[in-house]
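Notes for the one structure printed next.
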Amino acid sequence: MIEVVRNPEHSGFDIVELKSNLSISLDRLAAIFLGLSAVTLLVAVGPMILGLWPVMVIAVLHLLAVGLCLRLAWRGHWARQRLQIGPGVLRVDHDTQAGRQSSEWPLAWVKVVVERGRLGDARVFLSCQGKRQEVGGFLSVDERLEAAQEIKKRIGPMSAWTHDNQPQVSLG
């Protein structure tokens, strides 16, 4: 998901936010897990009343394993990149379950590079002074290309790489 908002700190600059595509929110996942837990425990109560108490122990262990797997799967696919286009600087904050990484780039020299693979996929990179950083690697291919267009549109007027910003040289 791509979201573009105005930067509240600097009125003339934008924030491009890229969010991973999660098909379910954390609240809904918790509700589904609670429903699953209730049904599982209700089914396990019958045999427990008849004296088969190991069924309840196994049901609780099963729910713990399922809950852990759901949590790991949801958190493993959560990612967000926030590109703050400010006066002279492009700041990239990349948040995942592992933590946050930040980098700053001189806005005038940043290029948006799209590399196409053999299988039809495309990867988007920010490139500046020999350094590269992938943007939107967690997005679908169409969303990555859309993000590249949004970023190019936002940094284009301030970039030294655009044709309109090149000094005009006259021969004669």
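The values are calculated or read from the model by the stated rules, or taken from the named source; none is laboratory data. Every value quoted in this text rests on a predicted model; they were computed, and no experiment measured them. Note: ideal-geometry Cβ built from the backbone for every residue, glycine included; neighbour counts use all protein chains shown. Heavy atoms of the whole protein, side chains included, go into the accessibility calculation; ligands, DNA and RNA do not. Shrake-Rupley method; radii C 1.70, N 1.55, O 1.52, S 1.80 Å.
Summary of values
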item: Accessible-area composition of the range 98-156, carbon plus sulfur, in percent [1.4 Å probe]; result: 46
item: Area of Phe33 that stays accessible when all protein chains are in place (1.4 Å probe, Å², to 10); result: 50
item: Crossing angle, helix 54-76 versus the chain [Cα axis fit, 0-90 degrees, rounded to tens]; result: 0
item: Rel. contact order, % - alpha carbon contacts under 8 angstrom, at least six apart, the chain; result: 19
item: Among Leu90, Leu26, Leu61, residue whose mean-square fluctuation peaks in a GNM of the chain (springs only between Cα atoms under 10 Å); result: Leu61
item: Accessible area of the range 23-76 belonging to carbon and sulfur atoms, whole % at 1.4 Å probe; result: 81
item: Dimensions in Å of the chain - Rg and Dmax from alpha carbons; result: 24.3, 102
item: Surface accessible to a 1.4 Å probe, per residue, for the residues of the chain, Å²; result: 65
item: Most to least accessible of Leu36, Leu119, Leu29 (protein chains only, probe 1.4 Å); result: Leu119, Leu36, Leu29
item: The range 85-90 - phi-based ³J(HN,Hα) in whole Hz, Karplus 6.51/-1.76/1.60, Gly and Pro as x; result: 9, x, x, x, 9, 10
item: Gaussian network model of the chain, Cα within-10 Å springs - most flexible of Trp109, Trp78, Trp53; result: Trp53
item: Mean projected area in nm² (Cα convex hull; one quarter of hull surface) for the range 98-156; result: 4.8
item: Sequence-distant residues sharing a close amide H with Ala79 (under 5 Å, placed H); result: Ser20
item: The chain, helix-only ellipticity at 222 nm - DSSP H runs n ≥ 4, -39,500 (n - 2.57), divided by all residues, nearest 500; result: -12500 deg cm²/dmol
item: Most mobile listed residue (Ile24, Ile85, Ile49) in the chain, GNM with C-alpha springs under 10 Å; result: Ile49
item: Paramagnetic reach from Leu70 in the range 14-40 [backbone N under 20 Å; point 7 Å along Cα→Cβ]; result: 21-40
item: Net length gained if the chain between Val89 and Arg132 were fully extended (0.36 nm per residue, minus Cα distance); result: 13.9 nm
item: Dipole magnitude of the range 98-156, debye to nearest 20 (Cβ charges: Lys/Arg +1, Asp/Glu -1, about Cα centre); result: 220
item: Within the range 55-118, trypsin sites (Lys or Arg not before Pro) in DSSP loop having at most 11 other beta-carbon neighbours inside 10 Å; result: Arg118
